[in-house]
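The values are calculated or read from the model by the stated rules, or taken from the named source; none is laboratory data. From a predicted model like this one, the values you see are computed outputs, not experimental measurements. Here the Cβ positions follow ideal geometry from the backbone for every residue, glycine too, while neighbour counts run over all protein chains shown.
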Amino acid sequence: MNTLTNPNKLRGFERHIKVDNVSRRSILKGLGLAGGFVLAAPVMSRPGFAAYQTGADKMPHGTVVDPRVFVSIASDGTVTIVAHRAEMGTGVRTSLPMIVAEEMEADWSRVRVQQAPGDEVKFGNQDTDGSRSTRHYLMPMRQIGASARTMLEAAAAKRWGVPATEVKAVNHEVIHSASGRRIGFGELAADAAKQSVPSVEGLKLKDPKDFRYLGKGQIGIVDLRDITVGTARYGADVRLPGMKYAVIARPPVTGGKVVSFDGAEAMKVSGVEKVIEVKGWPWPSKFQPLGGVAVIARNTGAAIKGRDALKIVWDDGPNSKYESVAYRAELEGAARKPGLVVRKEGDVETALKGADKVIVGEYYVPHHAHVSMEPPVAVADVKGDKAEIWAPVQSAGGTREDVAKTLGIPQENVTVNVTLLGGGFGRKSKCDFALEAALLSKELGAPVQVQWTREDDVRNGFLHTVSVERIEAGLDKNGKVTAWRHRSVAPSIASTFAAGAVHQAPFELGMGLVDMPFEIANVQCENPEAAARTRIGWFRSVSNIPRAFAVQSMVGELAHATGRDQKTMLLELIGSPRILKLDSVKDLWNYGEPYDSYPIDTARLRKVVELVADKGGWGRSVPKGHGLGIAAHRSFVSYIATMVEVAFDNGKLTVPRVDTAIDCGAYVNPERIQAQMEGAVIMGLSFAKHGEITFKDGKVQQGNFDDFPVLRIDESPAVTNVYIVPPGPDTPPSGVGEPGVPPVAPALINAIFAATGKRIRALPIGKQLEA
Amino acid sequence: MIKLKINGQERNWDGDPDLPLLWFLRDEAGLTGTKYGCGQALCGACTVIVDKQAVRACITSVSDVVGREVTTIEGLHPTGDHPVQKAWRQLNVPQCGYCQVGQIMQAAALLIENPKPTHDQIREAMAGNICRCGTYQRIANAVHLASTGV
């Protein structure tokens with residue numbers, strides 16, 4: 001069965017999927033242009049491959065490689081594998097258990113996946129963020145599976161009185177081929193559990209040529225049926241006996257608080273049971289609740305209606321003057337003056353002065369809201385000094401810690417059950433909504449569900465930062481870029497954790513600023529100061545969004561200025577295949593990975609550019625009113641290039657086709673990689689075309705999908721093709737969830753320029769093309 | 001007392017007649033398959049079928065559906081094997097999955113009205129349903145697949 005599709009049925013419709021087994025050498029030839037999906041070499045071509053190091057063990061609580069924690073086998077043969085990371089749509093609840101099943105020779109149809117509660121001591125790090133799950137857990141999950149297999153084999157050998165080397169686990173049973181005996185996993189379960197856990201060093205991993213699941217992409221996600229019949233359980237779907245429903249009116253300005261409130265009218269609403277104040281923490285307050293007034297009711301509809309009837313007097317606090325137009329001017333002013341130097345090679349000042357021509361681009365990317373389809377929601381049941389939480393949180397362990405601290409109870413007394421997440425995108429890395437539910441349940445002495453409305457989500461979230469990126473590029477008389485100065489000004493996520501943080505943190509600087517990969521003699525990156533006036537948080541791909549937009553737009557501008565083709569310009573700037581040495585950068589952020597295993601390798605960046613250009617037909621002639629744009633960006637230690645075709649029909653922008661190539665190293669589930677890339681294209685187009693959160697008098701001016709529109713199906717590309725670069729023999733796995741997003745907007749903007757000659761430097765495009 | 005018919009079953013409601021159907025379904029009737037996304041008929045996550053037509057349950061009051069047949073995802077097909085559901089599974093459409101029930105109900109309603117929609121008709125009919133994960137390409141393909149036989 002091929003769950004990807006039956007391509008024949010869709011032929012001529014809009015997408016062609018090609019799953020081929022071709023050798024690595026032939027990967028760039030022999031596949032037709034329409035081949036939307038490259039799947040070639042197996043994951044890791046050497047048996048026992050473990051040549052790379054990751055940053056997994058530097059994460060809080062590191063990794064746990066213990067089959068007794070992750071695998072259990074019932075006497076009927078059902079294998080239960082624990083998923084300890086949160087599922088928000090990336091497919092991780094399928095992919096990680098699949099790795100274990102692969103190595104232990106379990107039959108996937110007899111595998112159940114069980115979601116782990118928050119317990120990082122037991123399961124290792126659970127913070128599902130930073131596109132880290134496969135990257136950090138491919139090898140540990142293989143080892144867990146191999147351990148389980150070894151224990152099953154040892155149990156069978158013991159039972160039969162033969163050497164363990166003579167038996168072999170194959171597809172849910174252990175076989176002794178010399179005697180023809182075979183025994184199922186279920187029958188062996190009790191004996192296998194008594195075996196000692198083998199040392200990791202002595203484990204024999206499967207030869208990748210024997211893989212049944214890894215790298216194949218033929219398995220549907222584990223929650224597929226539940227999702228399509230409506231039984232998949234998200235945070236909002238948890239129902240407990242006696243559970244109350246709550247919504248909260250939160251301060252409209254970050255740092256504001258309740259002065260007084262009158263709940264009398266709210267109490268008159270049918271179904272409303274109680275109105276109470278919720279404790280808030282002074283800004284900046286990390287993930288602690290903002291506080292406000294909660295309306296408790298017998299259903300959410302009544303709670304919302306009750307909230308509408310509340311009368312609240314707010315103290316708006318220190319951010320009541322936040323205003324987006326003025327703030328943008330402030331950032332632009334800062335970008336035009338020198339700032340903290342965070343990377344320096346050569347002498348950029350002199351090189352710019354001596355340049356034949358200097359091209360300046362100043363790019364603006366506004367605040368953006370996550371608007372996952374499931375707004376934040378959580379259920380809590382606090383009884384005495386014990387708390388149980390059900391919530392769609394990205395970080396189960398972090399939530400457990402924060403609930404314990406907030407309630408003043410020991411962590412051991414807190415159970416965090418992770419439901420499916422109806423989208424995360426970084427918003428649900430912050431567990432404020434679970435803390436609100438815990439505080440309310442404690443006060444009410446009953447289980448309570450706190451539901452955020454869409455307006456709450458848009459107005460009280462942790463927004464993507466707002467930034468001005470100013471790039472000055474100096475050209476010599478041959479059109480070669482000899483100087484590059486990039487100033488990035490944006491309030492930092494650090495401001496959510498500590499007052500007075502005005503510089504971006506190393507992890508933000510490392511996302512497309514100081515790691516800029518171009519081969520230019522004189523480079524200087526600067527970070528002028530910016531103070532946050534609202535809560536800033538991670539948004540899928542984070543600072544890479546404004547950086548890739550600026551840097552890759554500038555490539556388009558330089559191509560135009562020098563009369564070069566965009567792709568030629570891009571490859572010329574990337575320069576020779578080499579490993580970047582960024583000696584001048586202090587605390588270089590490499591997504592938490594050791595640089596030796598995950599260096600910035602321009603050969604890999606070049607390769608995705610060439611692959612997407614080849615497959616997407618770069619340079620092909622397009623109809624009048626159409627244009628092609630290209631952009632490439634490394635983030636989350638993966639390399640992506642995206643090519644966008646735009647068309648203008650009576651002035652209306654449409655996107656007939658997008659091609660994306662990803663090199664994410666060794667991979668597990670190419671079908672989900674393809675899905676992530678398809679989705680990243682939509683998200684990239686969405687913020688490029690529409691997304692903008694603005695402030696006036698300290699308040700967010702948008703509230704719902706009418707004034708904060710996101711991309712809909714009728715604006716989506718007619719075709720999105722995804723190409724996956726097969727990994728080299730020693731290429732470790734890298735990120736997938738986030739890195740597809742950054743190149744989309746600049747590729748679109750470059751395509752718009754090609755079609756219209758109009759250069760967009762501020763997102764969103766909005767009405768800029770209508771003038 | 002308001003009498004409702006949901007998935008062929010009688011339900012009674014003696015509370016606020018203006019309560020949005022969405023919250024009645026989810027919080028009072030225990031039918032949590034229908035999702036909340038925006039509360040203003042902007043995203044389609046709460047789509048149910050009322051008398052063969054796709055309706056946004058978040059702006060439809062309980063009293064609006066008196067005397068009508070309400071079908072939610074739980075009642076779309078007795079074994080969960082409506083052609084749209086099967087097509088969705090065949091193409092592995094969902095990512096996070098939260099919006100997918102609304103998408104499926106919208107698609108099922110479309111196929112009642114227009115059993116063989118064109119590509120453009122699919123995009124037009126599905127444009128009221130937002131998927132933030134961006135599964136649109138597969139949604140369009142799945143509706144097409146459902147319309148041509150799974």
Worksheet item: What is the residue count in segment B:96-139 for residues that are within 30 Å of A:THR128 (Cα to Cα) and among the small types (Gly, Ala, Ser)?
Response: 3
Item to complete: Output the number of the condition that A:GLY91 fails; it satisfies all remaining conditions of (1) out of contact with any Cys (no Cβ under 9 Å at 6 or more places or on another chain); (2) at negative phi; (3) not acidic (Asp, Glu).
Response: (2)
Worksheet item: How many residues are more than 22 Å from B:PRO78 (Cα to Cα), within 7 Å of chain A (Cβ to nearest Cβ) and part of a loop (DSSP other than H, G, I, E, B) when one looks only at segment B:9-33?
Response: 3
Discussion item. Quick test for you: out of A:ARG233, A:ARG239, A:ARG298, A:ARG307, pick the one residue that is out of contact with any Pro (no Cβ under 7 Å at 6 or more places or on another chain), of a type in the set (Lys, Arg) and buried (at least 22 other Cβ atoms within 10 Å of the Cβ).
Written reply: A:ARG307
Worksheet item: What number goes with the only condition from (1) modelled with pLDDT under 95; (2) within 14 Å of chain B (Cβ to nearest Cβ) that A:GLU87 does not pass?
Response: (1)
Worksheet item: Can you name every residue in segment A:67-83 that is touching a Phe, Trp or Tyr at 6+ places or on another chain (Cβ under 8 Å) and either over 21 Å from A:VAL200 (Cα atoms) or among the polar types (S, T, N, Q) (or both)?
Response: A:GLY77, A:VAL79
Worksheet item: Looking at A:VAL258, A:VAL253, which one is touching a Gly at 6+ places or on another chain (Cβ under 6 Å), within 30 Å of A:GLY317 (Cα to Cα) and in contact (Cβ under 8 Å) with a residue 24 or more places away in the chain?
Response: A:VAL253
Practice prompt. Just give me the residues in segment B:51-98 being out of contact with any strand residue (DSSP E or B) (no Cβ under 9 Å at 6 or more places or on another chain), of a type outside the set (S, T, N, Q) and on the phi > 0 side of the Ramachandran plot, in sequence order.
Written response: B:GLY80
Discussion item. Take the residues in segment B:82-105 that are assigned to a helix (DSSP H, G or I) and polar (S, T, N, Q); name whichever of them is surrounded by the most Cβ atoms within 10 Å (Cβ to Cβ).
Written reply: B:GLN100
Practice prompt. Could you look through segment A:585-605, keep only residues that are hydrophobic (A, V, I, L, M, F, W, C) and assigned to a loop (DSSP other than H, G, I, E, B), and pick out the one that is farthest from A:ARG132 (Cα to Cα)?
Written response: A:VAL585
Worksheet item: Is it fair to say B:ALA108 is touching a strand residue (DSSP E or B) at 6+ places or on another chain (Cβ under 6 Å), without any contact (Cβ under 8 Å) to a residue 60 or more places away in the chain and among the aliphatic types (A, V, I, L, M)?
Response: no
Item to complete: Could you tell me which of the residues B:ALA127, B:ALA146, B:ALA140, B:ALA108 is of a type in the set (Gly, Ala, Ser), buried (at least 16 other Cβ atoms within 10 Å of the Cβ), facing another protein chain (nearest Cβ under 9 Å) and in a helix (DSSP H, G or I)?
Response: B:ALA140
Discussion item. Taking the criterion of being assigned to a strand (DSSP E or B) and away from chain B (no Cβ under 14 Å), would at least one residue in segment A:208-224 satisfy it?
Written reply: no
Worksheet item: Would a scan of segment A:396-416 turn up a residue that is within 14 Å of chain B (Cβ to nearest Cβ), touching a residue at least 24 places away in the same chain (Cβ under 8 Å) and either under 28 Å from B:CYS46 (Cα atoms) or more than 22 Å from the chain's Cα centre (by Cα) (or both)?
Response: no
Response to the item:
In segment A:470-520, anything under 19 Å from A:LEU331 (Cα atoms), of a type outside the set (A, V, I, L, M) and either over 24 Å from the mean Cα position of the chain (by Cα) or assigned by TED's automatic domain parsing to the domain that holds A:LEU290 (or both) is listed as A:ARG470, A:GLU472, A:ARG485, A:HIS486, A:ARG487, A:GLY500
Worksheet entry | Tally, over segment A:573-608, of residues that are over 26 Å from the mean Cα position of the chain (by Cα) and touching a residue at least 60 places away in the same chain (Cβ under 8 Å) | 2
Item to complete: Mind listing just one residue for me: the one in segment B:63-81 that is among the hydrophobic types (A, V, I, L, M, F, W, C) and more than 9 Å from every other protein chain (Cβ to nearest Cβ) and, of those, surrounded by the fewest Cβ atoms within 10 Å (Cβ to Cβ)?
Response: B:VAL66
Discussion item. Here is a check on your reading of the model: is A:LEU685 under 25 Å from A:ARG606 (Cα atoms) and assigned to a strand (DSSP E or B)?
Written reply: no
Fill in: Selection within segment A:238-254 - in contact with a Lys or Arg (Cβ under 8 Å, 6 or more places away or on another chain) and closer than 18 Å to B:THR34 by Cβ
A:TYR245
Response to the item:
When restricted to B:ALA142, B:ALA127, B:ALA54, B:ALA87, the only residue touching a Lys or Arg at 6+ places or on another chain (Cβ under 8 Å), at pLDDT 95 or above and of a type in the set (Gly, Ala, Ser) is B:ALA127
Worksheet item: Restricting attention to segment A:225-248, and to residues there that are more than 10 Å from chain B (Cβ to nearest Cβ) and part of a loop (DSSP other than H, G, I, E, B), which single residue is farthest from A:ARG93 (Cα to Cα)?
Response: A:GLY242
Item to complete: Take the residues in segment A:341-374 that are part of a loop (DSSP other than H, G, I, E, B) and within 14 Å of another protein chain (Cβ to nearest Cβ), then tell me which one is surrounded by the most Cβ atoms within 10 Å (Cβ to Cβ).
Response: A:GLU374
Practice prompt. Within segment A:409-432, work out how many residues are on the phi > 0 side of the Ramachandran plot and either in contact with a His (Cβ under 6 Å, 6 or more places away or on another chain) or of a type in the set (Lys, Arg) (or both).
Written response: 1
Worksheet item: Of everything in segment B:111-124 that's assigned to a helix (DSSP H, G or I) and either at pLDDT below 95 or not charged (D, E, K, R) (or both), which residue is farthest from B:ALA45 (Cα to Cα)?
Response: B:HIS119
Discussion item. Where the second residue is modelled with pLDDT under 95 and part of a loop (DSSP other than H, G, I, E, B) and the first is more than 7 Å from chain A (Cβ to nearest Cβ) and lies in segment B:82-104, which pairs have Cβ atoms under 7 Å and are six or more apart or on separate chains?
Written reply: B:PRO83/B:VAL150; B:LYS86/B:VAL150; B:ALA87/B:VAL150
Worksheet item: Cβ-Cβ below 7 Å, separation at least six or inter-chain, first residue in segment A:332-353 and under 21 Å from A:LEU588 (Cβ atoms), second at pLDDT 95 or above and part of a helix (DSSP H, G or I): which pairs?
Response: A:VAL342/A:LEU509
Worksheet item: In segment B:35-52, which residues are at the interface with another protein chain (Cβ under 7 Å from one of its Cβ atoms) and among the hydroxyl-bearing types (Ser, Thr, Tyr)?
Response: B:TYR36
